[in-house]
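A.B. asks: Take a look at the following structure, please.
The values are calculated or read from the model by the stated rules, or taken from the named source; none is laboratory data. These numbers were taken from a predicted model, which means no experiment stands behind them. A quick note on method: Cβ atoms are made from the backbone with ideal geometry, for glycine too, and the neighbour counts reach across all protein chains shown. The accessibility values were calculated without ligands, DNA or RNA, using every heavy atom of the protein model including side chains. Shrake-Rupley method; radii C 1.70, N 1.55, O 1.52, S 1.80 Å.
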Amino acid sequence: MEEAYDRGVIEDFGRWREFSAGMWAWVFHKFTGWVLVGYLFVHIPVLSTALVGAETYTATIQGLESLPIVRVLEVGLLAVAVFHIMNGTRLLFIDLGIGLERQKVSFYASLLITAIIAVASVPTFISGVF
Ligand code: HEM
């Protein structure tokens, strides 16, 4: 009979050195999913300033977009969204049994595509603010 042993708690992030590609994919997917939910709590109030009036909305958007930190966070938000979509699509294919033997390489491809798109977006997001 197979010997039973205590493998510890999987959510113990103190064990991050033991994490393999699949575990990092899980961590990043959770993180990006909940960042996207958190962003909506900021996004909806900002859009709601339009209810006060067009001037208030324009002033809010212009005020936010004039802040360098907001531009940097926008690059981060894009990266988070792209990774979540790429990895989420990859997970859906895995759930369908497609690409089971290429799980690691498809995770690395998700990371690479995310990095390329985030870097390519920098000139657009950062232009005119620094
Ligand atoms: C094309 C777009 C998206 C795709 C393909 C996608 C795909 C997925 C998949 C497959 C899962 C389940 C992962 C698992 O098996 O554990 C998931 C989880 C999740 N997604 Fe998305 N998603 C997308 C967009 C979004 C958006 C826009 C949000 C937020 C507004 C979001 C928030 C979340 C959250 C919070 C979870 C749960 C994370 C956890 O605690 O495990 N996703 N997504």
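A.B. asks: Out of the residues in segment 12-22 meeting the condition of being more than 17 Å from Leu112 (Cα to Cα) and assigned to a helix (DSSP H, G or I), tell me which one is farthest from the ligand (Cβ to nearest atom).
C.D. replies: So the residue we want is Arg17.
A.B. asks: Considering only segment 91-118, how many residues are under 13 Å from Ala21 (Cα atoms), within 15 Å of the ligand (Cβ to nearest atom) and either open to solvent by 100 Å² or more (accessible area, probe 1.4 Å) or touching a residue at least 24 places away in the same chain (Cβ under 8 Å) (or both)?
C.D. replies: Residues in segment 91-118 being under 13 Å from Ala21 (Cα atoms), within 15 Å of the ligand (Cβ to nearest atom) and either open to solvent by 100 Å² or more (accessible area, probe 1.4 Å) or touching a residue at least 24 places away in the same chain (Cβ under 8 Å) (or both): 3 in total.
For (1) in contact with a helix residue (DSSP H, G or I) (Cβ under 7 Å, 6 or more places away or on another chain); (2) more than 30 Å from Val129 (Cα to Cα), each residue gets a yes or a no:
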site	(1), (2)
Ala25	yes, yes
Phe28	yes, no
Thr32	yes, no
Val42	no, no
Val75	yes, no
Leu92	no, yes
Asp95	no, yes
Ala109	no, yes
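A.B. asks: Follow-up. Quick check on segment 59-79. Is at least one of its residues within 12 Å of the ligand (Cβ to nearest atom) and under 26 Å from Val105 (Cα atoms)?
C.D. replies: Among the residues of segment 59-79, at least one is within 12 Å of the ligand (Cβ to nearest atom) and under 26 Å from Val105 (Cα atoms), which makes the answer yes.
A.B. asks: While we're looking at this one, here's another question. Within segment 39-62, work out how many residues are assigned to a helix (DSSP H, G or I) and surrounded by fewer than 11 Cβ atoms within 10 Å (Cβ to Cβ).
C.D. replies: Result for segment 39-62: 8.
A.B. asks: Could you list, in sequence order, all residues of segment 32-43 that are more than 7 Å from the ligand (Cβ to nearest atom) and touching a residue at least 24 places away in the same chain (Cβ under 8 Å)?
C.D. replies: The answer is Thr32, Val35, Tyr39.
A.B. asks: Can I ask one more? For segment 1-32, which positions are surrounded by fewer than 13 Cβ atoms within 10 Å (Cβ to Cβ) and among the small types (Gly, Ala, Ser)?
C.D. replies: Passing the criteria: Ala4, Gly8, Gly14, Ser20, Gly22.
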